Amino acid sequence: MQQGLFITLEGIDGVGKTTQALLLKGELERQGYSVLHTFEPGGTKLGSKIRSLLLNPEHEELHSMTEVLLYAADRAQHVAEKVLPALKDGKMVICERFIDSSIAYQGYGLGFEIEAIKTINHWAAGGLWPDLTVYLDGDPAQFLAKTKGDRIEQRTLDYYNRVRRGFLEIAQAEPDRVKVVSAEGTREAVSQRVLQALEGRCG
Ligand code: TMP
């Protein structure tokens, strides 16, 4: 039985997910919660190898279907090895990216059938689903400039605009779970918005 709360942070590259995850972790710990901060892809030792397979720009031959399955494989390992044990321990888990990223990047971005992406990933994650998701929203034209250009980040602005639309449609379809927070402004201002979005649900 899952006991802790599973919170995910989503958003396009460069919007500041790690900064916000760490600020949120600090705040929840100040309130007395025991928190695990983790991320996908690469939140486990094996996952870090999958991450480098996925993101190394030299892997030009990596097939898009392989990409879908590698993200799902990383997720299967991560959920089983790290996320579920922490939740069973009663911890709050703050995870940067989860199934919504696969829906947005591989579904909306690459054009894979959304239902297929959901089915593969529900299976890979053993049915685990976030209790709460904060989607940090920002214009790709502005935020991508802050990225380093890995295999995914080298994709076009059109691709990233589709990914953003995907996240916004997910949020619209599930307003109780997914809160949209603007990623614009200082990290403190964004952090305040994140806390407000979670108010009443935790902390
Ligand atoms: P990161 O930069 O947030 O660590 O994520 C690595 C990249 O992987 C980022 O460009 C988003 C991408 N990604 C997907 O395309 N699908 C997924 O399911 C996940 C988890 C990440």
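Read the figures in this text as sums done on the coordinates, not as results from a lab. Treat the numbers as computed from the prediction; the structure is a model and nothing was measured. We place every Cβ from the backbone using ideal geometry, glycine too, and count neighbours over all the protein chains shown.
Equivalent-ellipsoid semi-axes for the range 31-126 (Cα gyration tensor, √(5λ), whole Å, largest first): 25, 15, 11. Given R₀ = 45 Å, FRET efficiency for Asp89-Asp158 by Cβ-Cβ distance, to 0.05? Between Asp89 and Asp158 the formula returns 0.55.
Could you calculate the FRET efficiency of Lys146 with Ser34 from 1/(1 + (r/R0)^6), where r is the beta carbon distance between them and R0 is 30 Å, rounded to 0.05? That pair, Lys146 with Ser34, gives E of 0.40. Peptide packing for 154-164, 110-120, 75-85, 93-103 was compared via the average number of neighbouring C-beta atoms within 10 Å per residue; ordered from the highest value, the list is 93-103, 75-85, 154-164, 110-120. Note on the range 5-197: Rg/Rh from Cα positions, Kirkwood definition for Rh, rounded to two decimals, is 0.94.
Sequentially through the range 38-51, phi angles give Karplus couplings (6.51, -1.76, 1.60; θ = phi - 60°) of 8, 7, 10, x, x, x, 10, 4, 5, x, 5, 6, 4, 4 Hz, Gly and Pro residues having no value and appearing as x.
Grab the DSSP H runs of the chain that are 4 residues or longer, score each as -39,500 (n - 2.57), total them, divide by all residues and round the 222 nm result to the nearest 500 deg cm²/dmol.
Taking each H run of at least 4 residues, the total per residue is -13500 deg cm²/dmol.
Taking θ as phi - 60° and the Karplus parameters 6.51, -1.76 and 1.60, the scalar couplings of the range 12-20 work out to 5, 4, x, 7, x, 4, 5, 4, 5 Hz in sequence order, x denoting glycine and proline. Working from Cα pairs under 8 Å separated by at least six residues, relative contact order for the chain is 33 percent. Cross-link pairs exceeding 23 Å between alpha carbons, from the set Lys49/Lys91; Lys25/Lys91; Lys17/Lys179; Lys25/Lys82: Lys49/Lys91. Between the alpha-carbon centres of the range 14-74 and the range 164-203 there is a gap of 19 Å. Counted residue by residue at 0.36 nm each, then reduced by the alpha carbon distance between them, the extension gain from Leu62 to Asp176 reaches 37.4 nm.
Per-residue 3J(HN,Hα) values for the range 156-162, derived from phi via the Karplus relation 6.51 cos²θ - 1.76 cosθ + 1.60 with θ = phi - 60°, read 6, 4, 4, 4, 5, 5, 5 Hz in sequence order (x marks Gly and Pro). In loop segments of the range 129-203 as defined by DSSP, the GluC sites (Glu not before Pro) with at most 14 further C-beta atoms inside 10 Å of their C-beta are Glu199.
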